[in-house]
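First the structure, in the form of C-alpha cells, and then the observations on it.
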Amino acid sequence: MKKAIVLVSGGMDSLVTASIAKSECDEIYFLHVNYGQRTEQRELESFQKLVKHYRPTGTLIADISYLKEIGGSSLTDEKIVVKQHQHNSGVPDSYVPFRNAHLVCIAVSWAEVTGVQRIYIGAVEEDSSGYPDCREGFYKSFNKTIELGTKDETKIEIATPIIHLSKSEIIQKGKLLNAPFELSWSCYQDNKTACGVCDSCYLRIKAFKEAGMVDPIPYKKEINWFVKTE
C-alpha cells in the first residue's frame, strides 16, 4: 500500500499537488502548518474545506508561530508591507526564511510514525516568486538528510510533482484532475477577499488567463498586468 503525506497550505499549488497525490496513492494524509502568516485564518479555512473534499485518512495541523517572532518576511512581519507585484529579479521580501525546511521536518517526523513512504510538497521552481527553498536541488539534498537522519529501515522520499511546471500548466493539470480551485486561497495579505495585486495574486491571475480559464475566486482589484503598452 502506497501512503503519502501532503503538505496542504490551502493554496493553488498545494491543491493540485494534493490532487496528484490522491491519484497516485492508496492513502493520503494532510498536513497544514500555521506559522503566523497574515492570512493564517483564511488558509486554515481552505485547508479544512479541502479535507472535506478529499477525505484524507488522517490530518495534522501544526503550529510554528515562532516564525512570526523571527520575522524577516512581509508574510509574518507586520513592519514589512506586502507590496504590489513588481517585475524584479532576486528573492522577494515575502520569502519566509527557510520555512519549507521546517514544514518538511514536521512531515518526516509524522511519516516515520505513520509508515508513510512519500511526502508531497507543491514547490514550484521555474515560474514562482524565486524562493530559494523551492529549488529542486534543495529537495534532493533533503532526501539525503532524511536517509541519514531516520531509522535504517525507514524509506521516505520527498515528491515535488509540479516543480518544473509553469503556473498555467499547474492549473491545466488541476483541471484534468478536477481540482476544486474555488476552495483554494493564494492572496498574501487579505483573509476575506483576495487583493488582486500582491505577488501571489498576480501569478495566479496571470496563470488562469494563460490557461484560458476563469479564476473562480473574486478579487478586490485586478490590474490588467498583461496588456502590452507601446
Exercise for review: Take the range 1-23 and flag every residue that is within 23 Å of LEU203 (Cα to Cα) and part of a loop (DSSP other than H, G, I, E, B).
Suggested key: VAL8, SER9, GLY10, GLY11
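Select, from ASP93, ASP63, ASP77, ASP26, the only residue that is under 25 Å from LYS206 (Cα atoms), surrounded by fewer than 19 Cβ atoms within 10 Å (Cβ to Cβ) and either charged (D, E, K, R) or under 15 Å from the mean Cα position of the chain (by Cα) (or both).
ASP93
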Review point. What about ARG99, is it among the basic types (Lys, Arg), modelled with pLDDT of 95 or more and on the phi > 0 side of the Ramachandran plot?
Key: no
Practice item. Might you check whether a residue that is in contact with a Cys (Cβ under 8 Å, 6 or more places away or on another chain) and under 19 Å from TYR54 (Cβ atoms) occurs anywhere in the range 179-197? Key: yes
Revision key, fill the gap. Only unsatisfied item for SER73, checking (1) more than 20 Å from THR160 (Cβ to Cβ); (2) out of contact with any Leu (no Cβ under 9 Å at 6 or more places or on another chain); (3) among the small types (Gly, Ala, Ser), is (2)
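What residue, among those in the range 107-135 that are part of a helix (DSSP H, G or I) and over 15 Å from the mean Cα position of the chain (by Cα), is surrounded by the most Cβ atoms within 10 Å (Cβ to Cβ)? Walk me through it before giving the result.
If we filter the range 107-135 for residues that are part of a helix (DSSP H, G or I), which is where we start, we get 107-114, 132-134.
Subsequent filtering for residues that are over 15 Å from the mean Cα position of the chain (by Cα) retains 108-114.
Values: VAL108: 20, SER109: 13, TRP110: 17, ALA111: 26, GLU112: 15, VAL113: 7, THR114: 16.
Once the filter is applied, the top-ranked residue is ALA111.
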Exercise for review: With the condition kept exactly as written, say whether any residue in the range 33-50 is buried (at least 23 other Cβ atoms within 10 Å of the Cβ), under 20 Å from TYR139 (Cα atoms) and not acidic (Asp, Glu).
Suggested key: yes
Review point. If we scan the range 90-113, do we find a residue that is of a type in the set (Lys, Arg), within 21 Å of TYR139 (Cβ to Cβ) and in contact with an Asp or Glu (Cβ under 8 Å, 6 or more places away or on another chain)?
Key: yes
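The values are calculated or read from the model by the stated rules, or taken from the named source; none is laboratory data. Every value quoted in this text rests on a predicted model; they were computed, and no experiment measured them. Neighbour counts run over all protein chains shown; Cβ positions are idealised from the backbone, glycine included.
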